[in-house]
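Undergrad: Handing you this structure, nothing more for now.
The values are calculated or read from the model by the stated rules, or taken from the named source; none is laboratory data. Since we're looking at a predicted model, the values are computed, not measured. Every residue, glycine among them, receives a Cβ derived from its backbone with ideal geometry; neighbour counts consider all protein chains shown.
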Amino acid sequence: MWVLWLSITAAIVLLIVVLSVQTRKKQSSSRRDKSEKKQLVFDVSNMKCGGCVSSVTEALAVLDNTEIVEVSLDDNQATVMSSLPAEKIAEAITASGFPAVVK
C-alpha cells in the first residue's frame, strides 16, 4: 500500500515541478539567451524509483535555457532541450546524486 502512496506522491511532486518550471520559464522569457537549443540525451545511473526521477527533474528545472523533455526511469535517461554545454547539465544531474554522462 505504501508503494502506491509513494508512487502517487512522486507523480504529484513531478507535476508540481513541471508546472512551476513552465511558469518560471514564461516569466523569464525576456531574459532568455537567444542561443539555439539542441536536444541532449544523458545516461543517468542509479535511478530506482519515481522519487529518483523527481530529483533529476528538479536538478534540471533550475537550469536556465533548459527545457525538460523527459526523464525516463525505464531507460535511465534524461532528455533535454538546452543551449547550455552538455557538461554543465551532466554536472547538475550528478550533483543531485545520479551520475550522468551525455550520450
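Undergrad: Any residue in the stretch 2-21 that is part of a helix (DSSP H, G or I) sitting within a Cβ distance under 9 Å of a residue that is surrounded by fewer than 13 Cβ atoms within 10 Å (Cβ to Cβ)? List the pairs, counting only those 6 or more apart or interchain.
TA: Close Cβ pairs (under 9 Å, with a partner that is surrounded by fewer than 13 Cβ atoms within 10 Å (Cβ to Cβ)) amount to Val21/Val62.
Undergrad: For the stretch 49-84, give me each residue that is surrounded by fewer than 19 Cβ atoms within 10 Å (Cβ to Cβ), of a type in the set (Val, Ile, Thr) and either modelled with pLDDT under 95 or in contact with a helix residue (DSSP H, G or I) (Cβ under 7 Å, 6 or more places away or on another chain) (or both).
TA: Of everything in the stretch 49-84, those that are surrounded by fewer than 19 Cβ atoms within 10 Å (Cβ to Cβ), of a type in the set (Val, Ile, Thr) and either modelled with pLDDT under 95 or in contact with a helix residue (DSSP H, G or I) (Cβ under 7 Å, 6 or more places away or on another chain) (or both) turn out to be Val62, Val69.
Undergrad: OK, next. For the stretch 94-103, give me each residue that is closer than 18 Å to Ala10 by Cα and surrounded by 15 or more Cβ atoms within 10 Å (Cβ to Cβ).
TA: Ser96, Phe98
Undergrad: What number of residues in the stretch 83-98 are outside any helix (DSSP H, G or I) and within 13 Å of Val53 (Cα to Cα)?
TA: Total meeting the criteria: 3.
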